[in-house]
Amino acid sequence: MDASCGDVREAGMAVGLPAGVRTALTLLTLLMPLTPLMPLTPLTLLNPLTPLTLLNPLKSLKSLKSLKPACGFFLAWIMRALPIAGAALIAGAGASLFAGALAALLPAHMARAEPLASSEYAMHATHADGPAPVRARHQGGFYRISGHGRVAYLFGTIHVGQRSFYPLAPEAERALAGADHLVVELDTRADTAFLRAVDLHGRYAAGGDLRRRLDPETLARLRTALHAQGVSLASMAHLKPWLVANLLLGMRLEREGFRRSDGVEQVLLAQARQRGTRVAELESAEAQLALFDSMNDIEAERYLRETLDGLEDGSAVRQAGRVIEAWRSGDTAALDALLPDATAGGSTIADFTRRKLLGRRNADMAAHIDTLMGQGGVMFVGVGLLHLLGANGLPALMAQRGYLVERVY
């Protein structure tokens, strides 16, 4: 493939892809900058797999030229797209959390939080005496975590967005401005690690071909879906089914006006760069994509078929829309509905989201946040929104570790 890449548009043209492909997600990771690629469920939007970013002009062609010609430039593009493939990718595992300082840096005895979005947190959160917060709707979820002489803010994110989403709520903006460290699922500004991860987990070894692994009916449906986006099946043949599924979701979301470049993590990282704030990661690109690559051939094809089902009947876009609107409004009922929407039922995507994108990752994230808090300074942690919800959400897990967890809004 042509490795020329003056900008994203030229990149898409160089490989015969439409502009929409540039923002393809790694979603089932709206809830994840795994963003890694995640299913189109609330978790994808909030997390991403976590979170890959929209492909920006590449800083160096040399690193791409060192890769196999068949996937050089394209891998770089994919790397930026992975974390938003699906509702779960948009908001969770997908899918994100934060808070800040100054006016938002209220002492524990002053911050009486309103009821948590999920009633499952009631037994974990501790509320101190003090004035009630202003009851207004804000984006996502925002928590203050304190204890053991440490303070962190947890902010729920989505991995795609629109410019109209910004600026963030004043409380979050102040907290971010006063933080010593920004912590995200993945620092998507660096390309090299993700390129290696995609090469290792997202593409077949030499000689592998998607067209020889899929059922004829699935293959025909995939060809139709790709052609609708102006993409040839041959150009995707070296990629694994789950990756192609997430890329298709990303293309569709961009057509709906939601771009990876306007995702919350991108805004947070841009502000950190401007202020010189130190940035830390909760995960690695290799670990995120390894989760998807843990699917066997049967599971991966089911994942693809379910994604095609959702694209054909419109349910995938509607689900992603519910995640985005719940984050944008901060409505507690809408937020509480996201977790069962992403994990209920016996589908391959729901099971993968429940067991791996959330179940496995949340515990690891909580342990890493605890470790980072021990290094001192105020932290602002942004993770996919789905990671905040339920009895296994990060607020609940941090409370179980002995921290005071208070909902700012």
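Here are the numbers for this structure:
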| read-out | value |
| --- | --- |
| Karplus-derived 3J(HN,Hα), 6.51/-1.76/1.60, for each residue of the stretch 351-356, Hz, glycine and proline x | 5, 5, 5, 5, 7, 10 |
| Nearest-20 debye value, the stretch 150-254 charge dipole, Cβ charges on Lys, Arg, Asp, Glu | 400 debye |
| Magnitude of the charge dipole, the stretch 244-380, Cβ model with Lys/Arg +1 and Asp/Glu -1, debye to 20 | 460 debye |
| For the stretch 381-388, Karplus couplings with θ = phi - 60° (6.51, -1.76, 1.60), whole Hz, Gly/Pro x | 10, x, 9, x, 3, 4, 5, 8 |
| Long-range HN-HN contacts of residue 409 with modeled amide H, under 5 Å | 142 |
| Full-extension gain in nm, residue 162 to residue 331, via 0.36 nm per residue minus C-alpha separation | 58.9 nm |
| Of the trypsin sites (Lys or Arg not before Pro) in the stretch 128-231, those whose Cβ has at most 10 other Cβ within 10 Å and which sit in DSSP loop | 135 |
| Between the stretch 162-206 and the stretch 318-366, the alpha-carbon center distance in angstrom | 19 Å |
| Distant-in-sequence amide H partners of residue 238 (H built 1.01 Å from N, under 5 Å) | 210 |
| In sequence order, calculated HN-Hα J values of the stretch 338-347 (Karplus, 6.51, -1.76, 1.60; Hz; x Gly/Pro) | 5, 5, x, 5, 8, 10, 6, x, x, 5 |
| Centre separation in Å (Cα based) which lies between the stretch 376-409 and the stretch 241-277 | 23 Å |
| Ranked 298, 158, criterion: other C-beta atoms within 10 Å, fewest first | 298, 158 |
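Readers should treat all values here as calculations from the given coordinates under stated rules, not as data from a laboratory. Owing to the predicted nature of the structure, the values given are computational and were not obtained by experimental measurement. With ideal geometry, Cβ positions are generated from the backbone for all residues, glycine too; neighbour counts draw on all protein chains shown.
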